[in-house]
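Please treat every number below as a calculation from the coordinates, not as lab data. Everything quoted here is computed from the prediction, not taken from an experiment. Cβ atoms come from the backbone with ideal geometry, glycine included; neighbour counts cover every protein chain shown.
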Amino acid sequence: MYIRGMQQSLVSIVIPFKNTSAFIAECVESILNQTYTHWEAIFINDHSTDNSKAIVATYAKNDSRIKLYDTNGHGIIDALQLAYSYSKGTFISRMDSDDIMTTNRIEIMVKSLLRSGLGHIAIGQVKYFKKEGISEGYAKYERWINKLTATGSNFTEIYKECVIPSPCWMTYREDFEKAEAFRPNRYPEDYDLTFRFYAQKLVCIPCKTVLHLWRDYASRTSRTHEHYSQNYFLDIKLDYFLKLDYDSSRPLTVWGAGFKGKSIAKQLKSKSIPFYWICDNPKKIGKEIYGCTLRSFDYLKDLMSPQSIVTVANEDAQQEIKAYFNSQDMSPMTDYFFFC
């Protein structure tokens with residue numbers, strides 16, 4: 001179905017890359033094969049030492065829609081900022097140089113945004129692939145994020161994981177600017193951007209179609225770089241929770257005394273934010289950690305309208321905790337927030 005103004009809308013795709021010569025040609029070909037043709041692909045070379053730059057340069061010579069620049073900075077954020085500075089599109093999207101777009105990705109996203117208007121973000125379902133087969137952890141993440149994407153309910157679980165796949169989204173430039181674009185220098189940059197989309201109350205457009213093929217391999221940056229370690233994710237989660245969802249007039253509880261629970265408790269102590277620490281480990285209940293006494297779940301009944309951060313990772317335990325919250329007429333993203 002044709003939508004008025006569709007082919008007149010330029011899409012800017014920003015693509016930082018570093019040493020992805022084994023995959024980058026497939027990435028470029030997947031963009032060239034798009035059913036929607038009014039796009040510009042802005043590739044930023046982040047000091048590659050292989051021949052990935054030469055591969056992109058060959059494509060750029062043959063198609064003016066492909067732009068190629070070198071960054072003077074270091075790291076993916078500098079590269080994203082540079083790419084965005086060259087962009088001219090009505091719509092902004094991102095792509096990873098080691099991944100593959102399905103042929104209809106841009107067309108579906110543009111149609112979705114033109115139908116829905118400002119205040120929306122187009123997303124798509126993803127499919128991981130790897131020659132040796134993907135791990136159960138990645139398969140689980142794929143099922144989880146696709147289930148959210150199918151209904152556009154991604155932000156309802158934003159404190160668990162990054163709910164917007166970093167290389168598979170598109171939004172209006174105007175909305176992207178309101179969310180501060182790529183300007184904040186904070187890692188993991190994709191999760192930080194997702195929280196800024198959430199803060200701007202952008203609405204995820206439901207999508208039941210796989211639009212992005214996500215490559216997994218041992219040296220992928222998200223597997224190897226310290227910027228994508230658990231501590232960085234916890235810092236972002238707590239920072240945005242305190243800015244966007246924390247109600248200081250209500251008592252705050254932290255559930256769980258494992259690594260994540262201890263990390264959250266330590267940060268809250270450093271910020272002088274009062275909280276109650278809840279756990280289900282009989283060996284820990286009644287003991288003190290960081291000067292806080294650990295209490296049993298029953299203690300929650302003594303608190304008036306508490307907010308809860310849950311750091312318990314065990315799925316069975318999570319279901320029991322959710323059942324308890326439901327029995328108390330508590331609502332997710334208002335009364336309780338799962339951080340794992």
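Calculate the FRET efficiency for residue 288 and residue 130 from the Cβ-Cβ distance with a Förster distance of 51 Å, rounded to the nearest 0.05. That gives a FRET efficiency of 0.65. Taking K and R as +1 and D and E as -1, what net charge do the other residues with C-beta under 13 Å from the C-beta of residue 305 add up to? Around residue 305, the charge tally is -2. Here the relative contact order of region 1-140, from alpha carbon pairs under 8 Å that lie six or more residues apart, stands at 33 percent. Modelled spin-label separation between residue 331 and residue 301, with each label point placed 7 Å from Cα along the Cα-to-Cβ direction: 2.5 nm. Look at 290, 187, 159 and count the other Cβ atoms within 10 Å of each Cβ; fewest to most, that gives 290, 187, 159.
A compact globular protein would have a Cα radius of gyration near 2.2 N^0.38 Å; the ratio found for region 248-338 is 1.00. Along its three principal directions, the equivalent ellipsoid of region 179-301 from the Cα gyration tensor extends over semi-axes of 32, 19, 15 Å, largest first. For the chain, what is the percent of antiparallel DSSP beta bridges, rounded to the nearest 5? If we restrict to bridges inside the chain, about 20 percent are antiparallel. Think of each Lys and Arg Cβ as +1 and each Asp and Glu Cβ as -1; about the Cα centre, that makes the dipole of region 255-296 roughly 120 debye.
Applying 0.36 nm per residue to the separation of residue 281 and residue 319 and subtracting their alpha-carbon distance, the gain on full extension is 12.0 nm.
Structure remark: mean-square fluctuation, Gaussian network model of the chain, C-alpha springs under 10 Å; the largest value among 231, 146, 72 belongs to 72. The count of lysine pairs in region 116-224 whose Cα atoms are under 16 Å apart, excluding pairs fewer than 8 places apart on the same chain, comes to 8. Shape call for region 1-143 from the C-alpha gyration tensor, a ≥ b ≥ c root eigenvalues: rounded (a/c under 1.5), prolate (a/b greater than b/c) or oblate? Here region 1-143 falls in the oblate category. Taking other C-beta atoms within 10 Å as the exposure proxy, 247, 329, 335 rank 329, 247, 335 from fewest upward. Shown for region 248-338: lysine pairs separated by 8 or more places, or found on different chains, whose C-alpha atoms are under 17 Å apart, numbering 11.
Note: relative contact order over region 11-228, using C-alpha pairs below 8 Å and six or more positions apart, is 25 percent. Along the axis of the charge dipole computed for region 48-154 (Cβ charges of +1 for Lys and Arg, -1 for Asp and Glu, origin at the Cα centre), the listed residues 100, 51, 125 are led at the positive end by 125. The modelled label-to-label distance for the pair residue 250/residue 160, using points 7 Å beyond Cα in the direction of Cβ, is 2.0 nm. Straight-line reach from residue 67: taking Cα to Cα under 25 Å and skipping same-chain neighbours fewer than 8 places apart, the lysines in range are 18, 53, 88, 111.
Which net charge results when you count Lys and Arg as +1 and Asp and Glu as -1 among the other residues whose beta-carbon is under 10 Å from that of residue 27? Charge balance near residue 27 sits at -4.
About the centre of its Cα atoms, the chain shows a dipole size close to 200 debye [charges on the beta carbon of Lys, Arg (+1) and Asp, Glu (-1) only; nearest 20 debye]. By other beta-carbon atoms within 10 Å, ranking 271, 127 with the fewest at the front produces 271, 127.
Positive-end ranking of 198, 74, 137 along the dipole of region 11-228, with charges on Cβ about the Cα centre, is headed by 198. By how many degrees, between 0 and 90 and to the nearest 10, does the Cα long axis of helix 136-151 differ from the longest principal axis of the chain? Between the helix axis and the principal axis of the chain, the angle is about 80 degrees.
What is the sum of charges, Lys and Arg at +1 and Asp and Glu at -1, for the other residues whose Cβ falls under 9 Å from the Cβ of residue 118? Summing Lys/Arg as +1 and Asp/Glu as -1 gives -2. Taking amide H as placed 1.01 Å from N in the peptide plane, the amide H of residue 70 sits under 5 Å from that of 45, each at least 5 places away or on another chain.
Over the chain, DSSP H runs of length four or greater, each weighted -39,500 (n - 2.57), average out per residue to a 222 nm ellipticity of -10500 deg cm²/dmol.
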